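Presented below is the structure to which this report refers.
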Amino acid sequence: MALQWHNHRKLTTLLLKCTTQLSMKQLLQIHAQLLTYAPLSLDPNRIAVKLIGVCGAHSKLRHAALVFSQLPNPNVFAWNAILKAYAQNNQWAHTLRYFNYQLSSPTAPDPDEYTFTSVLKACAGLVAVPHGLMIHSFIIKGGFESNLFVQNSLADMYFKFGCPVVARQLFDEMPVRDLVSWNTLVSGYCLVGDIDSAKWFFDQMVEKNLISWSAMVTGYARSGNLDAARQLFDDMPERNVVSWNAMIAGYAQNEKYSDAICLFREMQQVSGLGPNDVTLVSVLSACAHLGALDLGKWIDWFINRSGMELNLFLGNALADMYAKCGCIAEGRRVFDLMQERDVISWSIIISGLAMHGHAQEAFGFFYEMLECRVKPNEVTFMGLLSACTHAGMVDKGLKYFNLMSQEYGITPMVEHYGCVVDLLSRAGRLDEAEDLINSMPIKPNVIVWGALLGGCRIYKDIRRGERVVQRILELDSAHSGSYVYLANVYASMGRLDDAANCRLRMRDNGVMKTPGCSWIEVDNTVHEFFMGDRSHPQSEKIYLKIKELGLKMKLAGYKPNTDLVVHSIDEEEKEDVISTHSEKLAIAFGLISMSEGTTIRVVKNLRVCNDCHNATKIISRIVGREIVVRDRSRFHHFKDGRCSCNDYW
DNA sequence: CATCTCGGGG
């Protein structure tokens with residue numbers, strides 16, 4: 001007993017003196033030891049503060065809560081420790097819950113200025129304005145507003161509330177300012193989009209640190225000025241993971257996915273810094289957009305190898321990457337693996353299943369989600385509606401559309417209307433589609449009208465089409481789809497002069513079609529192809545392959561589709577007979593550069609056209625390989641001459 | 001008496 005007591009004292013003394021970061025494993029061992037002799041502890045609060053701090057740093061909040069709950073009389077240090085643990089891990093609602101608990105508990109100590117830094121951070125993160133204002137007055141009453149940390153936290157909170165004027169007044173009235181005060185101002189102005197003020201204060205700063213620079217990089221990136229962001233990034237005297245993350249995220253959020261991936265490689269090769277979870281979230285998002293499955297898989301492997309925890313953000317990004325790269329089964333595997341899931345996790349799987357045409361399973365996940373008491377949001381319903389669209393389930397779609405507002409109080413956005421109009425139009429219920437548009441409480445956009453126009457094209461409703469084109473051109477006089485539609489209608493009626501005229505008008509108005517573009521990842525590099533592209537170094541071989549395929553296809557009974565009216569709004573144009581659609585180039589390149597039997601995965605920026613769809617079906621049979629094409633709206637899995645979409649897309 | 005605030009994300 002004496003020996004154990006001695007060991008116990010030694011352990012606690014060591015623990016309290018310990019300044020280096022403890023690993024979670026060490027912590028658990030120490031905690032177990034301490035628990036055994038808990039009644040003998042000299043000062044449980046001092047030990048608990050230390051332990052909770054370690055738990056917080058390792059995001060082990062359940063363990064932190066456990067340690068806290070074992071304290072018979074938590075003092076203000078212990079309360080501050082638990083509040084900080086939650087606040088620094090973005091668990092703001094929990095932070096506020098503990099704070100309320102502290103206020104309402106008669107035995108709990110009164111909060112101090114340390115308490116408020118965490119609580120204000122939580123209010124800021126939640127944008128809980130009433131809470132924040134209440135706590136501000138609480139702080140004034142308690143006389144804590146003279147504390148520099150509290151002042152900085154308050155200024156930060158008001159920026160996050162979108163009140164730069166209040167924040168600025170607080171800053172101006174501060175008798176003493178430190179680097180954090182200035183950084184708060186710079187990042188605050190960046191946050192509210194006042195990049196000029198941010199830059200002005202940034203330039204005023206005599207002393208800057210990594211945070212100042214990184215905040216400015218993020219500010220420029222978020223304002224869309226990637227060149228300025230990159231310039232600052234290059235000018236930084238030193239960089240850490242956060243600086244690299246800021247620039248990588250900047251590229252990813254501005255749709256510069258290849259640049260994001262490039263910089264990610266540079267980070268590892270040049271800086272020697274390892275990526276963290278935030279880095280990987282951005283890179284995974286780039287992979288998802290590009291369909292870069294190999295890199296995505298490598299990141300999955302990297303996460304497992306490094307023992308990185310699959311947190312909510314990372315799990316969502318990984319599941320989304322798999323779903324958007326055509327591996328919905330892998331996406332579900334990741335989803336099952338996750339310890340914590342939110343509405344976004346569920347929505348990712350639901351829209352992933354929808355994209356792959358698995359409507360029933362998507363509905364199943366929705367009901368499971370409800371059983372787990374996760375409240376669906378607008379993104380969830382977009383997934384459900386697109387599941388209905390891709391399966392042609394009109395009435396089911398209308399049911400969900402009504403359910404979202406009636407049952408869940410979610411006001412449909414223009415995107416939801418677009419989805420339902422698309423659903424009705426494809427089914428030929430053009431009257432209902434048009435009525436829905438006319439009854440919209442918000443202004444319909446080009447996408448909504450375009451969906452109806454698509455229906456007019458399929459069902460050859462020329463009168464309605466004319467009307468719709470007019471509405472679209474009022475919104476966007478350079479809407480290429482409308483001109484293409486008109487030209488095609490005229491051509492189909494034999495009015496070739498009108499068709500030609502339409503083309504001329506299109507040219508005169510400077511109408512540019514979005515160039516069709518497809519890409520494929522081979523050996524960890526994304527290769528990009530435009531329509532009729534001959535810029536690829538292997539162009540010669542690619543066109544030879546296409547020629548070879550063309551011969552085999554002819555023998556297999558394939559006839560190119562020459563019906564002009566078939567051309568849809570989102571398709572690449574086929575003005576030039578000899579031009580080749582981009583997905584054919586990408587598929588051909590995949591066939592010549594990837595080993596026998598591997599699945600060819602291609603991503604296309606527009607919708608795949610009828611002709612290419614037919615051609616790809618036959619190619620999949622001829623070469624005996626699976627070809628997966630992700631187009632603008634969904635996945636097509638081509639195999640043995642068939643497509644998973646059953647020709648409905 | 002030991003604790004705090006500012007930068008990166010699906």
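The values are calculated or read from the model by the stated rules, or taken from the named source; none is laboratory data. Please read all numbers here as calculations on a predicted model, not as lab measurements. Here the Cβ positions follow ideal geometry from the backbone for every residue, glycine too, while neighbour counts run over all protein chains shown. Only protein heavy atoms, including side chains, enter the accessible area calculation; ligands, DNA and RNA are left aside. Shrake-Rupley method; radii C 1.70, N 1.55, O 1.52, S 1.80 Å.
Structure notes:
- Pick from region A:230-246, criterion closer than 15 Å to A:M267 by Cβ and open to solvent by less than 20 Å² (accessible area, probe 1.4 Å), ranking: farthest from DNA strand B (Cβ to nearest atom): A:F233
- Of all residues in region A:268-315 being assigned to a helix (DSSP H, G or I) and among the polar types (S, T, N, Q), the one that is farthest from DNA strand B (Cβ to nearest atom): A:Q269
- Residues that are in a loop (DSSP other than H, G, I, E, B), hydrophobic (A, V, I, L, M, F, W, C) and open to solvent by 50 Å² or more (accessible area, probe 1.4 Å) within region A:358-392 comprise just one, A:C372.
- Total residues in region A:619-641, condition under 18 Å from A:A359 (Cβ atoms) and either of a type in the set (S, T, N, Q) or surrounded by fewer than 17 Cβ atoms within 10 Å (Cβ to Cβ) (or both): 1
- Those residues of region A:532-551 which are open to solvent by 100 Å² or more (accessible area, probe 1.4 Å) and either part of a helix (DSSP H, G or I) or among the aromatic types (F, W, Y) (or both), in sequence order: A:E540, A:K541, A:L544, A:K547, A:L551
- Residue match in region A:552-567 (condition: outside any helix (DSSP H, G or I), modelled with pLDDT under 80 and farther than 20 Å from A:C643 by Cβ): yes
- Condition check for A:C163: within 14 Å of DNA strand B (Cβ to nearest atom), within 30 Å of the chain's Cα centre (by Cα) and at pLDDT 95 or above: no
- Summed over region A:473-528, residues that are part of a loop (DSSP other than H, G, I, E, B) and among the polar types (S, T, N, Q) total 4.
- Considering only residues in region A:135-147 that are assigned to a helix (DSSP H, G or I) and over 14 Å from A:S118 (Cα atoms), the one that is nearest to DNA strand B (Cβ to nearest atom) turns out to be A:G142.
- Residue match in region A:596-616 (condition: among the hydroxyl-bearing types (S, T, Y), at pLDDT below 85, surrounded by fewer than 20 Cβ atoms within 10 Å (Cβ to Cβ) and at negative phi): no
- Test: residue in region A:191-202 that is closer than 20 Å to A:S282 by Cα and either more than 8 Å from DNA strand B (Cβ to nearest atom) or without any contact (Cβ under 8 Å) to a residue 60 or more places away in the chain (or both): yes
- Residue count for region A:171-189, restricted to those that are more than 7 Å from DNA strand B (Cβ to nearest atom) and crowded, with 24+ Cβ neighbours inside 10 Å: 4
- Cβ-Cβ contacts under 7 Å between residues 6 or more apart (or on different chains), taken from a first residue in region A:247-258 that is more than 16 Å from A:M216 (Cβ to Cβ) and at pLDDT below 95 to a second residue that is open to solvent by 20 Å² or more (accessible area, probe 1.4 Å) and not in a helix (DSSP H, G or I), are listed as A:S258/A:V526.
- Scanning region A:453-472 for residues that are among the β-branched types (V, I, T) and outside any helix (DSSP H, G or I) yields a total of 0.
- Some residue of region A:110-118 being closer than 21 Å to A:A215 by Cα, within 11 Å of DNA strand B (Cβ to nearest atom), of a type in the set (V, I, T) and in a helix (DSSP H, G or I): yes
- Checking each residue of region A:275-285 against the condition of being open to solvent by 20 Å² or more (accessible area, probe 1.4 Å) and closer than 19 Å to A:V522 by Cβ gives no match.
- Breaking point among (1) more than 37 Å from the chain's Cα centre (by Cα); (2) within 8 Å of DNA strand B (Cβ to nearest atom), for A:G53: (1)
- Region A:93-109, subset open to solvent by 70 Å² or more (accessible area, probe 1.4 Å) and assigned to a helix (DSSP H, G or I), residue farthest from DNA strand B (Cβ to nearest atom): A:S104
- The one condition in (1) outside any loop (DSSP other than H, G, I, E, B); (2) away from DNA strand B (no atom under 11 Å from the Cβ) that A:G219 fails to fulfil: (2)
- Of the residues A:D508, A:D498, the single one that is modelled with pLDDT under 90, among the charged types (D, E, K, R) and either open to solvent by 90 Å² or more (accessible area, probe 1.4 Å) or closer than 25 Å to A:C612 by Cβ (or both) is A:D508.
- Residue match in region A:69-77 (condition: assigned to a helix (DSSP H, G or I) and away from DNA strand B (no atom under 11 Å from the Cβ)): yes
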